[in-house]
Amino acid sequence: MYRQKKLFPGIQFFLFAVLVSYLLSACVTTQSSGYFKNIKKDTSLSIIDNLKFEQKIESGDILAIKASSLSAAEDIFFNAGGSESAASGGEKVSAEGFLVADDGTVMLHRLGKVKAAGTTRKDLAARISRALEPAYMKDVIVTVNFLNKKITVMGAVGSPQVIPLANERMSIIDALVSSGDITEKGNYKDVMVIREEKDGKLVKHLNLEDRAILTSAWYYLQAGDIVYVQPDYEKEALEQKQTKMRGSLTFIMSAATFALIIIDRIIR
């Protein structure tokens, strides 16, 4: 009866060792990343009181100004006044708005020139409401939003984009999630925010793995901010090293297996 030949014990052990080394190299994983990793349990955080921040209107801004009242005809007449379209990320925004002129005013139906620059959206809405009621409208509600403000998100995110900012600000988490979130190649520990200041640009590096971001004044982005998620170079280098190692071990194991089988057959 034919009996299958077995490899020498030493050869078997060598092949087993090579196989184990290959499997171990394939199983090595990089440290996982994520938001707020150092929040260990239920806790309460003291939030810095920056919720009162309100963006001031400036010359060149384009505003969406809408009025709603019990006077339907007047609503239609007033709301049809906007004619400026805001550009965002190279594309035109469908909503039309009111341009704040160089002298800081907006031209509105019924009211003519109304001072806007230097005020907040809330203040301007209140000013327009007082001017419209009761002469033209009854129980009027006025809303004012920005059409030209934006935040730019780029780098290691799912969908880099320019995000329109209708009000004063947006949290950095909302901005990242809206852009497809940080990818596997992104570095949660080093997210850069570039902010325009009067004297130049201010650059801040944020660690989103640290819960301290929740109480940071930089948690909320402002109009014009640029968010850049940097690649995790250490993780990328480790992955490349592991890929090369797996390739080398595969080649070594294949070559060794072939050579040892030949040697075993020659000896036998």
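The values are calculated or read from the model by the stated rules, or taken from the named source; none is laboratory data. Since this is a predicted model, take the numbers as computed values, not measurements. Using ideal geometry, Cβ is built from the backbone for each residue, glycine included, and neighbour counts are taken over all protein chains shown.
With 142, 153 as the choices, which residue is under 30 Å from residue 73 (Cβ atoms), touching a residue at least 12 places away in the same chain (Cβ under 8 Å) and touching a helix residue (DSSP H, G or I) at 6+ places or on another chain (Cβ under 6 Å)? First the steps, then the outcome.
Values: 153 fails: under 30 Å from residue 73 (Cβ atoms).
Testing whether each residue is under 30 Å from residue 73 (Cβ atoms), touching a residue at least 12 places away in the same chain (Cβ under 8 Å) and touching a helix residue (DSSP H, G or I) at 6+ places or on another chain (Cβ under 6 Å) leaves just 142.
Which of the strands (runs of 3 or more DSSP E) contained wholly in the stretch 93-183 include at least 2 residues that are surrounded by 17 or more Cβ atoms within 10 Å (Cβ to Cβ)? Before you say what the answer is, go through the steps one by one.
Numbers: elements: 105-108, 112-115, 141-146, 150-155, 161-164, 169-171.
Once the strands (runs of 3 or more DSSP E) in the stretch 93-183 are filtered for at least 2 residues that are surrounded by 17 or more Cβ atoms within 10 Å (Cβ to Cβ), what remains is 105-108, 141-146, 150-155, 161-164, 169-171.
Just to be sure I understand, how many residues within the stretch 38-61 are of a type in the set (Val, Ile, Thr), at pLDDT 65 or above and more than 19 Å from residue 123 (Cβ to Cβ)?
Taking the stretch 38-61 first, the residues of a type in the set (Val, Ile, Thr) are 39, 43, 47-48, 57.
Restricting the remaining residues to those that are at pLDDT 65 or above gives 39, 43, 57.
Going one step further and asking which of them are more than 19 Å from residue 123 (Cβ to Cβ), we end up with 39, 43.
Here the count works out to 2.
Looking at 124, 99, which one is under 30 Å from residue 218 (Cα atoms) and at pLDDT 95 or above? Explain how you work it out, then say what you get.
On the way: 99 fails: at pLDDT 95 or above.
Of 124, 99, the one residue that is under 30 Å from residue 218 (Cα atoms) and at pLDDT 95 or above is 124.
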